[in-house]
Amino acid sequence: MFRRILFLMAGLMLLTSPAWGDAVADFYKGKQIRIVVGYGPGGTTDLTTRLIAPVLHKYIPGSPRIVVQNKSGGGSALAANTVFNNERRDGTVMAAISSSLVMKQARGVAGIKFDGRKFNWVASAFRANSACAVRLDAGVDTFADAVKTKKQLIVSSFDKGGLSHLEPIFFNAIFGSNFKAVTGFPSGGAQRLAVKNGEVNGFCTTFQTMASTEIAMFEGEGKCCRVLIIAGEGEDHPLLKGVPAAEVLAKEQGKSKDEIAMLKAMNAANQISIVHTLPPGVPKDRVEALRDAFAKAYNDPQVQALAKKQNRNLQPRRGDGVAKIVEDLLNTPKPLMDRIKALIEKG
Amino acid sequence: MLEAFITGLLQVFDQTTFLLMVIGIFLGFIVGILPGIGSPGAVALMLPFIFEMDPVQAFAFLLGMYAVTGTTGDITSILFGVPGEVVSTATIIDGHPMAKKGEAGRALGAALMSSLVGAIVGAFSLALAIPIVTPLVLSFKSPEFFSLAILGICFLAALSGDNKLKGVLAGGLGLVLSTVGLDYQENIERYTFGLVNLWEGVGLIAAAVGLFAVPEIVELWVKGSAIAETKVGKLGGVWQGVKDTFVHIGITVRCSMIGTFFGLVPGVSAALSQWVSYAHAVQSTRDKSGFGKGDVRGVLGPGAANNSGIGAAMIPTVAFGVPGSATTAILLGAFIIQGLQPGPKMLTEHLALTFSFVWLIVISNIITVALCLLFLNHLAKITQVRGSLLIPSLFMLIFLAGFANTGSYFAMTTTLVFGVMGVIMVNHGWPRPPLVLGLVLGSLVERNLFISYEIYGLWFLTRPIVMVTFGVALVVIFLPGLQDWMAKRAKLQEDPGA
Amino acid sequence: MRNRTDIVIGVLLVTLLSWAVWEAQQWPARTRFFPLAIGYPVLAMSVMHLAYSLWLGLRPLTFERGPAAPDPVADAGPPLAPALVRRRTLEISFWAVAFAVGLYLLGFKVGGLVMPTIFLRFQAHETWLTSLLYSLGVYVFFKIGLEEALSFPLPAGQIAYGLGLYSFDSYLMDPVLNLFR
């Protein structure tokens, strides 16, 4: 009996899903979309997802229920691999992962079992630029100083080849600064504590983090640090007065096309920070519907107000834009990628 | 200072705040009593609800929940031998044997009361420590973290019971297992068999649940009876446990202070403080024979340390943005949701707010304990339910534990593997606590060893706090032997014939 | 008996640790440093332990049960027949694996309905009524308590995924629950 009901239900589902009226709305009606977050609760990826999750249903035809699942492991590689390979490809499961995984794929890191070109990217939340900052007592006032004096600046980093490690070694290679990246710090908090207690001279992370969570390090009476250089083409912010932007600086100094491409590759992941994606094979109309929905959700007044309260400046990018950046990064010519790999290996 | 201490207290008694705290406690109790969801899970699940509350309200809600899950974690540890979270593993060692002896109520009472004392002692020692917190926290750098972790390793020996070789070997095995995953220097896979699931190492919760809960389930089935082997008598009651807390008030207070200290030091796992205080409870007791078989002091120590640490751990979290545990990491997220800036201002301008957090934890504890005392005796009766009826639920919960933590079925494999290890270890006299401690401390040692070496060279060993800590470590290693030797000599002098 | 298993454990440990140390040799210096720094001493200790248990094993008849380590289970009640203990240990080990596999294949919700029923009815010999009510309770806890009330998603098991279906129970429950949403 139970089985008969089951089959009946399944049959009904199959019958009702084909296009009558709005196919997408019909599909999502009464269903749920599960967003698999690649990190544990409380981190930026998780918080951003939970920020838009409550309003998302309003903008998806058929208003499905949205549930968030945390699946941490491998710096979100586990979630990316799982959603790419082992989850339903009908638009009911999506992933929230770190965009730096694409760089890992480009470098051919073992354990990446997805292809960034085939993901159906839906949206990214922030367009950040990474930046490096040093303590006021580091003996260096400007980036030009740092290059001229070749003073060794120890910076605290997480893992090799990720945010906070790429910046110092790329700047060293291209501009001739003398950062020394010490890897192994377990979290952003630990990375910055080492700066605050003077154990290291500085740190590199996104400028967004510096200007929000860690603003106390840069202004007010207790300030301890100054920004030395920012990646990309710079931003308009009081803390960045007189601070060089890496790509602009490179052009000024007549660096080669390859070197500018390297700087772009280094910053690419930050440009599509906190990214949501659907696995390959999801029907195009559903992908488009979700891209629209995410764009609208990020602009939802409630979401905007909360983001503002949290001091975070949402700069969403639609999935097609994300796909373009991913593609560019993955199309980095092999010789250049080899150079990047060698740089990272050298540490 | 005192003003902020009191203002913080008054803030808690705002009507809405207090109500939200009570709701938090209630939900925390429901969610927290389920092993596996534990405090990180409980707090994480509630994050979406705080988006629109104001800071004190949001934290009333979350901290009420956090405080109670710390306590409920102890409840499942005692009743079923299933650690609700890593920080309540030490409670199992003596708490669960007490439950088996039919003293579940007493163990629960002791765990609850010591939690309460811990929370209060923790709050007051924090108030006293505020002026030195900033220099204290800032003086702990990578070499100091390293030395603390080494100190923790020396406690391995103290936790090894009578068979030192097996104990140290188990601890060493834990350290070796802690190297599973990507290494922190080169990002190279170690012992991962190509599994991405192992990149971040062995899942601690899944491993602890496997090591401790699986053997309990096996034993429950083998015995074919209920958890409690004897009927709960009057003596096994909750009030006895409450009284025990005050009989051994010295241990409770000292362990509270240990908890406060470890809570204050950023980045040192709270899981360490419970073991250190357990070891302290063992070492400071003359007759150690009862430990591991249901000595109430083995429950009081970790119980006090856990809850005093909860309040203290808020300080590095809010003042330096360095969370010491999974839960405080999520609370830091909540902090950011609220648009608050973690920073030194939390210890100066916003000190009252910081203290309100500590008070929230204390008051939540008081409410929890008061409520629990009313029906703990009934809760303890669950140890008299037929084992065969408990087993399916326990299976579901231990597997849920790992799954809830990582969202991946792989954790079930970890639980099973460590379950087999747990059963073998129990049957052949291998102590399990050193293994867990090794697993917890390995990454702390390795990370900080490299960071220290990169920054200071070998000179990091000469830093004052490092040398003092190493000195304490030596005492920890040699004191028991020395005591034994002196006792023997004294005996010899009394009775030369022996 | 006790010594024999001690020897077996010792051999296993030595093998495992030797492998760990050998494996670590191939890594770059900074990757292998810590694993080796602890690997060698622990390997040495495990060899010592093996030697000690061999020595104990070879010593005739001075069989001495070492003092129990501080472990909760050390304090067992009246002794049970070893054969019975072994049989029950095997039984419950089988069930532990069966639960894990069942949950993996069916997911927590459906698995939580099926596995306890089978266990209670066929292993613990409870009545059908008890078994079913119990399992229904487990299911309700997962479905209503975790998934609905706390929005804690419990994905379908591998069978449903392999067949390209949603979690089996959702076909029955979702239309019902949608009435209340």
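The values are calculated or read from the model by the stated rules, or taken from the named source; none is laboratory data. No experiment lies behind these values; they were computed from the predicted model shown. Note that each Cβ is placed from the backbone with ideal geometry, even for glycine, and that neighbours are counted across all protein chains shown.
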request  = Search segment A:35-49 for residues that are within 14 Å of A:Phe126 (Cβ to Cβ) and pair each with any residue that is part of a helix (DSSP H, G or I) when their beta-carbon atoms are under 8 Å apart and the residues are at least 6 apart or on different chains.
outcome  = A:Gly43/B:Ala329; A:Gly43/B:Gly333; A:Thr45/A:Ser76; A:Leu47/B:Leu47; A:Leu47/B:Gly333; A:Leu47/B:Ile336; A:Leu47/B:Ile337
ask   = Which residues, counting only those in segment A:150-181, are within 22 Å of A:Met103 (Cα to Cα), more than 14 Å from every other protein chain (Cβ to nearest Cβ), more than 21 Å from the chain's Cα centre (by Cα) and not hydrophobic (A, V, I, L, M, F, W, C)?
value = A:Asn172
ask   = What do you reckon, is A:Phe185 assigned by TED's automatic domain parsing to the domain that holds A:Ala216, aromatic (Phe, Trp, Tyr) and without any contact (Cβ under 8 Å) to a residue 40 or more places away in the chain?
value = yes
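Quick check, is C:Phe119 within 12 Å of chain B (Cβ to nearest Cβ), in a helix (DSSP H, G or I), within 22 Å of C:Ala100 (Cβ to Cβ) and of a type outside the set (D, E, K, R)? Reasoning before the result, please.
Working: within 12 Å of chain B (Cβ to nearest Cβ): yes; in a helix (DSSP H, G or I): yes; within 22 Å of C:Ala100 (Cβ to Cβ): yes; of a type outside the set (D, E, K, R): yes.
Yes.
Taking segment A:191-212 on its own, how many of its residues are facing chain B (nearest Cβ under 9 Å), under 20 Å from the mean Cα position of the chain (by Cα) and without any contact (Cβ under 8 Å) to a residue 60 or more places away in the chain? Working first, answer last.
Within segment A:191-212, the first condition is being facing chain B (nearest Cβ under 9 Å), and the residues that meet it are A:192-194, A:196-200, A:212.
Now narrow it down to the ones that are under 20 Å from the mean Cα position of the chain (by Cα): A:192, A:212.
Still in the list and also without any contact (Cβ under 8 Å) to a residue 60 or more places away in the chain: A:192.
Looking only at that region, the number is 1.
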key: Among residues of segment B:278-318, those that are surrounded by fewer than 24 Cβ atoms within 10 Å (Cβ to Cβ) and more than 14 Å from chain C (Cβ to nearest Cβ), counted   = 3
inquiry  = For the list (1) touching a Leu at 6+ places or on another chain (Cβ under 6 Å); (2) surrounded by fewer than 23 Cβ atoms within 10 Å (Cβ to Cβ), I need the number of the one condition that B:Pro433 fails.
reply    = (2)
query = Within segment A:130-169, which residues are in a helix (DSSP H, G or I) and among the β-branched types (Val, Ile, Thr)?
reply = A:Val147, A:Thr149, A:Ile169
request  = Please state which one of C:Ala76, C:Ala81, C:Ala24, C:Ala68 is within 26 Å of B:Gly172 (Cα to Cα) and modelled with pLDDT under 90.
outcome  = C:Ala68
task = Name, by its number, the condition in (1) away from chain A (no Cβ under 13 Å); (2) part of a loop (DSSP other than H, G, I, E, B) that does not hold for B:Ser408.
result = (1)
query = Can you tell me which of B:Ala107, B:Ala67, B:Ala44 is touching a strand residue (DSSP E or B) at 6+ places or on another chain (Cβ under 9 Å) and either crowded, with 24+ Cβ neighbours inside 10 Å or modelled with pLDDT of 85 or more (or both)?
reply = B:Ala44
message = All but one of (1) within 19 Å of the chain's Cα centre (by Cα); (2) small (Gly, Ala, Ser); (3) modelled with pLDDT under 85 hold for C:Gly102; state the number of the condition that does not hold.
response = (3)
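Out of B:Pro97, B:Pro143, which single residue is closer than 22 Å to B:Gly471 by Cα, in contact (Cβ under 8 Å) with a residue 60 or more places away in the chain and either touching a helix residue (DSSP H, G or I) at 6+ places or on another chain (Cβ under 9 Å) or not basic (Lys, Arg) (or both)? Walk me through it before giving the result.
On the way: B:Pro97 fails: closer than 22 Å to B:Gly471 by Cα.
Of B:Pro97, B:Pro143, the one residue that is closer than 22 Å to B:Gly471 by Cα, in contact (Cβ under 8 Å) with a residue 60 or more places away in the chain and either touching a helix residue (DSSP H, G or I) at 6+ places or on another chain (Cβ under 9 Å) or not basic (Lys, Arg) (or both) is B:Pro143.
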task = Can you confirm whether segment C:160-176 contains a residue that is crowded, with 22+ Cβ neighbours inside 10 Å, in contact (Cβ under 8 Å) with a residue 40 or more places away in the chain, outside any loop (DSSP other than H, G, I, E, B) and not acidic (Asp, Glu)?
result = yes
request  = Any chance you could count how many residues in segment C:122-159 are of a type outside the set (Ser, Thr, Tyr) and over 18 Å from A:Arg65 (Cβ atoms)?
outcome  = 17
key: Selected residue [at pLDDT 90 or above, surrounded by fewer than 19 Cβ atoms within 10 Å (Cβ to Cβ) and within 23 Å of the chain's Cα centre (by Cα)] from A:Ile272, A:Ile260, A:Ile215, A:Ile230   = A:Ile260
key: Matching entry among B:Ile188, B:Ile153 (being more than 7 Å from every other protein chain (Cβ to nearest Cβ) and of a type in the set (A, V, I, L, M))   = B:Ile153
task = Being at pLDDT below 90 and surrounded by 13 or more Cβ atoms within 10 Å (Cβ to Cβ) is the filter; apply it to segment C:50-60 and report the residue that is farthest from B:Val168 (Cα to Cα).
result = C:Gly57
query = Of the residues A:Val322, A:Val287, which single one is surrounded by fewer than 23 Cβ atoms within 10 Å (Cβ to Cβ) and not assigned by TED's automatic domain parsing to the domain that holds A:Thr213?
reply = A:Val287
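Name the residue, out of B:Gly438, B:Gly402, that is within 14 Å of chain A (Cβ to nearest Cβ) and closer than 14 Å to B:Leu204 by Cβ. Quick ask: steps written out before the conclusion?
On the way: B:Gly438 fails: within 14 Å of chain A (Cβ to nearest Cβ).
Result of the check over B:Gly438, B:Gly402: B:Gly402.
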remark   = Selection over segment B:184-202 where residues are part of a loop (DSSP other than H, G, I, E, B) and without any contact (Cβ under 8 Å) to a residue 24 or more places away in the chain yields a count of 9
query = Considering only segment B:175-185, how many residues are within 12 Å of chain A (Cβ to nearest Cβ) and not charged (D, E, K, R)?
reply = 4
message = Just the residues that are over 15 Å from C:Arg30 (Cα atoms) and buried (at least 21 other Cβ atoms within 10 Å of the Cβ), please, taken from segment B:443-463.
response = B:Leu444, B:Phe460
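For every residue, the table says whether it meets (1) within 27 Å of A:Thr142 (Cα to Cα); (2) within 14 Å of another protein chain (Cβ to nearest Cβ).
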residue: A:Ile215; (1), (2): yes, yes
residue: A:Gly222; (1), (2): yes, yes
residue: A:Ala261; (1), (2): yes, no
residue: A:Lys264; (1), (2): yes, no
residue: A:Gly281; (1), (2): no, yes
residue: A:Asp285; (1), (2): no, no
Unmet criterion (only one of (1) more than 9 Å from every other protein chain (Cβ to nearest Cβ); (2) in contact with a strand residue (DSSP E or B) (Cβ under 7 Å, 6 or more places away or on another chain)) for C:Tyr166 = (1)
key: Count - residues of segment A:97-118 that are hydrophobic (A, V, I, L, M, F, W, C) and away from chain B (no Cβ under 12 Å)   = 4
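Residues that are among the β-branched types (Val, Ile, Thr): find the helices (runs of 4 or more DSSP H) completely inside segment A:231-347 holding 2 or more of those. Please lay out each step first, then the result.
Working: elements: A:246-252, A:257-271, A:284-299, A:301-309, A:319-330, A:334-346.
So the answer is A:319-330, A:334-346.
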remark   = Residues of segment B:302-351 being under 18 Å from B:Phe262 (Cα atoms) and assigned to a loop (DSSP other than H, G, I, E, B), in sequence order, are B:Gly321, B:Val322, B:Pro323, B:Gly324, B:Ser325
